[in-house]
Structures are given as C-alpha cells and as structure tokens.
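Step one of this worksheet: look at the structure below.
The values are calculated or read from the model by the stated rules, or taken from the named source; none is laboratory data. These figures come from a predicted structure and were not determined experimentally. Cβ sites come from the backbone with ideal geometry, for glycine too, and all protein chains shown count toward neighbours. Each accessible area value is taken on the protein alone, full model and side chains, heavy atoms only, with ligands, DNA and RNA left out. Shrake-Rupley method; radii C 1.70, N 1.55, O 1.52, S 1.80 Å.
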Amino acid sequence: MAEIYFDNGATTRVFPEVKEIMSEVMEIEYGNPSSMHLKGFHAEQYVNKSKEIIAKSLKVDPKDIYFTSGGTEANNMALIGAALAGRRTRRHIITTRIEHASIYNPLGFLEDEGFEVTYLPVDEKGIVLLDALKEALRPDTLMVSIMCVNNEIGSIMPIEEIGKIVKAYDPEILFHTDCIQAYGKLKLFPKKWKVDMLSVSGHKIHGPKGIGFIYIRNGVKIKPIIWGGNQQKGMRSGTENVPGIAGLGKAAEIIYTNHKEKMDTIRGVKEHFIERVVNEVENVKNNSGEAPHICSISFPGVRSEVLLHSLEDRGIYVSAGSACSSNKPEVSGTLRGIGLERDYYESTLRFSFSLYNTVEEADQCVEALKELVPVLRKYKRR
C-alpha cells in the first residue's frame, strides 16, 4: 500500500539537496562558527550564505536575520523580547482569535506579567476585521501580532493593509507577523508591508526540523530571551546549528527558484481535491482559504479523529488541525472564530499539500472518503 502524505502543514519531507548539504556540514565542515581557525571560518561561511539566501527572498538586509530553533522560539523571541524592551511605557498588545499556540501561550505569559491583550475577531473566511483593529489601537499599544497565513484553514491576512493601519496610527507600534505557514508559499515583502518582525520555521518548506529564523528590522529594540556567549550579536546566544542553518538556506533557495510554477503545481492539486470532494462526497463544507497548500473540509456526522484514523488505515495521512495542538481536547479557536457550528468543527480535517503530492494521490484520497464517510456516519455517537 503506497503512502499518501497530506499533512505538509505539520511538517515536510526534506529536499534531497538539503540532506546532502547537512551531511556535508556534519561530516566535513563541522567546525564551530565562533572558532578563529580555518575550520570555524568555513562553518561561518555556511551561516552567512544562508543569511544571504533568506534575506534575498525577503528583500531585506542579511544583518537583520537571526537563526532560532524554529518558529516557536522565533515567535517567543518577538513577543516576549519586544514586550520586555518596551514595558516601561507600553503594555498593550493586539492579536487575533485564530493565532497559533506559539503566539497564544507567550501572550498568556505576558498577561500574567501585567500586559493587556486584545484579541480581534475574524470573518467567516478567517480574515481579521480591519475596523476592529482600528478601534483597538491605543496610545499605549506596544505591538500588533497577526499571522500571515492561518495554519488550519489557509486564510491569508491582508498584511500590507494591516501594516499601513498600524503605522498610520503610530509609527512606534511594532508589527510582528507569524509567517510560518506563509514563507515559501507566498512572496513576502516585510519592508514594503511595514513589518518589524517576521517568524519562520524550516521544516515547513522541506528544510530540517529544529531550525528557523526571525527577521528583526534594524532599530527594533528586543531583549534577548536566551543568554550566553553573545552569538548572533547577543540577540540569540548559543552555538549556531550550522547543519540546520545550511539546510534551511538550501530549502529556501530551492523553494523560491521558479516559485510561481511550484506554487501553481501545489495549488492545482489542492483545487482538484476540493472540487472532487465538494461534488462527490455528500454534505461537506469547504472552509479553505486562499493559501496554495492548505485545505480544510468539514464532514458533519463523522468525528474528525475517527475519519483521520480510518484514512490512516489506508495509508493516507491528514490532520485534525494544527499538529502542535491536535493532541489536546480543546476546540480549535480558528474553527470557532470563523463561526462553525459544533457538528462542523468536531468533524473537520486539514489536508495540506506539497511538491511531492500528485493529482493521482488526491483522487485516491477522494475515493477513500467516498467509501468511508457514508459508513462512518451510520455509526455516529448519539
């Protein structure tokens, strides 16, 4: 039975070139980039090369790129670091009701520390209400943090418009965007969009796990949340993960080469899948946003976990939501936020696609759903 992996929003298989460059670094150029000898210099070159590749993809200065252990650390660094730096004069933060746990939980910590957080509503498509943002801005607002692409339904936020609204009200307010599901899928322009901080994770773009980066605009004040040997200008201490950094740089280089063609391929699989499911499986609801790789479908009458494992029995891997939260019983804030009724948000699956997926795989998944959903509905728990 061939495996069909439709959970690329959770993680992706690394590109072969990523594996090769990481092996090269681990086996040959394994020096510490802080060492003053030639071995350290060669390791540092991999770090600098990846910075240049990433900076070019964002049209920013390589000096404004800082490597982290992943997207969660990058988000924590942005939120907590900026809050600690600005807390003497400002203690109000704005976000939305459909952010990732790596935004919500640091904000919960900051609320315990005396910060006030405003959670903005979204419409039925998962797009933040801009009038609510305008009303929420205050003289003591320190920061606005709004994700670029939602990780569960794939809605794309109007980041450029949000940046204009924030900076028109007060240029001193920091604007952070979680781009963990956006980087590699969209063209991102933080300078043009007036973004001060931007978070990315490597394993969402066929790079390795355990590596990510944060863009911090020059001049933004951040307190480090990791202290040590003052690597990365003291912003993020600790010996750099050179194999991971090299792999991340290679993945970024590959994904942004012929980028439109790559995304058109992924979007083609997604749209083909949605069209068939909506037309051939009775009583479903399509919640999917405009991101090229994420598809959210509700199958009322079937619990999402049951359908997920039934597909798994056939070698098809999907998700019941965010991988970081799907092992918890809490109801999805995203699905609640867009106004889904209980029977829908308890029966929603996320299918997320990559360059390794095909239309043929989509067809196999649809055929499986056509068989499974009617049968499972007969056994719905009353």
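Figures for the structure shown
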{"item": "Selected residue (criterion: farthest from the chain's Cα centre (by Cα)) from residues of segment 212-240 that are farther than 26 Å from residue 189 by Cα and polar (S, T, N, Q)", "result": "230"}
{"item": "Qualifying positions in segment 118-165 - touching a helix residue (DSSP H, G or I) at 6+ places or on another chain (Cβ under 9 Å), assigned to a helix (DSSP H, G or I) and open to solvent by 10 Å² or more (accessible area, probe 1.4 Å)", "result": "130, 134, 161, 165"}
{"item": "Candidate set: segment 229-243, residues that are on the phi > 0 side of the Ramachandran plot and either among the charged types (D, E, K, R) or in a loop (DSSP other than H, G, I, E, B) (or both); chosen: the one most open to solvent (accessible area, probe 1.4 Å)", "result": "233"}
{"item": "Residue count, segment 166-193 (criterion: under 26 Å from residue 69 (Cα atoms), assigned to a loop (DSSP other than H, G, I, E, B) and either touching a residue at least 40 places away in the same chain (Cβ under 8 Å) or out of contact with any strand residue (DSSP E or B) (no Cβ under 6 Å at 6 or more places or on another chain) (or both))", "result": "11"}
{"item": "Every residue from segment 12-38 that is part of a loop (DSSP other than H, G, I, E, B), under 13 Å from residue 206 (Cα atoms) and either open to solvent by 30 Å² or more (accessible area, probe 1.4 Å) or at pLDDT below 95 (or both)", "result": "13, 14"}
{"item": "Residue list for segment 283-301, restricted to those being in contact with a helix residue (DSSP H, G or I) (Cβ under 7 Å, 6 or more places away or on another chain) and either farther than 21 Å from residue 335 by Cα or not basic (Lys, Arg) (or both)", "result": "284, 286, 288, 292, 293, 295, 297, 298, 299, 300, 301"}
{"item": "Residue list for segment 355-375, restricted to those being crowded, with 22+ Cβ neighbours inside 10 Å and assigned to a loop (DSSP other than H, G, I, E, B)", "result": "357"}
{"item": "Subset of segment 200-215 [out of contact with any helix residue (DSSP H, G or I) (no Cβ under 6 Å at 6 or more places or on another chain), of a type outside the set (D, E, K, R) and farther than 10 Å from residue 74 by Cβ]", "result": "203"}
{"item": "Pair list, Cβ < 7 Å and 6+ apart or interchain, from segment 4-31 residues that are under 25 Å from residue 320 (Cβ atoms) and among the aliphatic types (A, V, I, L, M) to residues that are assigned to a helix (DSSP H, G or I) and modelled with pLDDT of 95 or more", "result": "4/361; 4/364; 4/365; 14/247"}
{"item": "Among residues of segment 56-88, those that are modelled with pLDDT of 95 or more, in a loop (DSSP other than H, G, I, E, B) and not acidic (Asp, Glu), counted", "result": "4"}
